[in-house]
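Written out below as structure tokens is the structure these notes cover.
Where a number appears in this text, it was derived from the coordinates with a stated rule and is not lab data. Remember, it's a predicted structure, so these values are computed and weren't measured experimentally. Cβ placement follows ideal geometry from the backbone for every residue including glycine, while neighbour counts extend to all protein chains displayed.
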Amino acid sequence: MSGLRADLAIIAREVAKGARVLDVGCGDGALMAALRDQKQVDARGMEIDRDNVAACVARGLSVIQGNADTDLADYPDLAFDYAVLSQTLQTTMRPDLVVEQLLRIGARAFVSFPNFAQWRTRIALMFGGMMPVTKQLPARWYDTPNIHHVTIDDFRDFIAQRGIRIEGQWFLRGDRLIGERGANLLAEHAVFLLAR
């Protein structure tokens with residue numbers, strides 16, 4: 001879907017028409033609006049930032065202010081076909097518990113995150129000796145919202161340990177999809193579709 005960030009476009013393409021979706025950390029609601037307008041999805045959102053909540057509501061979206069670390073417990077089991085957590089996993093206090101909650105309230109869960117093992121990040125650390133500031137990771141170490149630096153291989157290991165099924169996986173270098181081979185080294189972002 002045009003106009004969406006690359007990981008959101010993948011998610012939008014894969015969500016079934018007419019599905020029930022909860023977008024956790026929905027930002028300005030771009031994904032929700034696209035799903036509502038183009039796929040007739042019943043899209044709901046949760047967002048921690050008050051200004052983003054106001055922007056979503058102004059777009060006619062159903063969004064509440066909430067925190068993924070604490071407020072997902074309020075949703076009933078399997079209330080949604082899909083729970084979405086895009087570019088938010090690394091900012092949560094307990095990503096393990098957040099993923100468990102996503103798979104409790106959604107039959108499936110999309111999770112996307114920046115890959116901290118990408119080669120540019122490795123080189124910046126190895127030769128520069130400092131946390132990198134890049135297009136994908138634009139904040140300095142002291143003002144970044146990222147508190148858990150996760151790699152594709154870390155996430156795969158985490159999923160395997162919990163017996164969670166990977167139903168789909170996509171890897172991005174910029175806005176382009178790349179293959180699974182070497183993704184931990186080459187991909188800047190990853191998108192996973194998970195299920196129990």
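Our coupling estimate for region 66-76, obtained by passing each phi through the Karplus curve with A = 6.51, B = -1.76, C = 1.60 and θ = phi - 60°, is x, 10, 4, 5, 10, 9, 5, 4, 6, 8, x Hz, Gly and Pro reported as x. Based on the reciprocal of the average 1/r between different C-alpha atoms, the Kirkwood radius for region 1-86 equals 12.7 Å. Restricting region 136-196 to chymotrypsin sites (Phe, Trp or Tyr not before Pro) that sit in a DSSP loop and have at most 11 other Cβ atoms within 10 Å of their own Cβ leaves 141, 142. How far is the Cα center of region 1-54 from the Cα center of region 101-131, in Å? Here the two parts' Cα centres lie 21 Å apart.
For region 80-196, what is the convex hull volume of the alpha-carbon atoms per residue, in Å³? Don't skip to the answer; put the middle values down first.
Numbers: hull volume 12.1 nm³, N = 117.
Measuring per residue, one finds 104 Å³ for the Cα hull of region 80-196.
For the chain, a crude dipole built from +1 on the beta carbon of Lys and Arg and -1 on the beta carbon of Asp and Glu, taken about the Cα centre, is about 520 debye to the nearest 20.
DSSP bridge analysis restricted to the chain gives an antiparallel fraction near 45%, rounded to the nearest 5. Computed from backbone phi, the HN-Hα couplings of region 187-196 come to 7, 8, 9, 10, 10, 10, 10, 10, 8, 8 Hz, rounded to whole numbers (Karplus: 6.51 cos²θ - 1.76 cosθ + 1.60, θ = phi - 60°; Gly and Pro given as x). Among 191, 21, the order by Cβ neighbours within 10 angstrom, fewest to most, reads 191, 21.
When the chain is treated as a GNM with alpha-carbon contacts under 10 Å, the residue of 126, 93, 46 showing the greatest mean-square fluctuation is 126. Simple point charges give the picture: +1 on the Cβ of Lys and Arg, -1 on the Cβ of Asp and Glu, and for region 122-187 a dipole about the Cα centre of about 120 debye.
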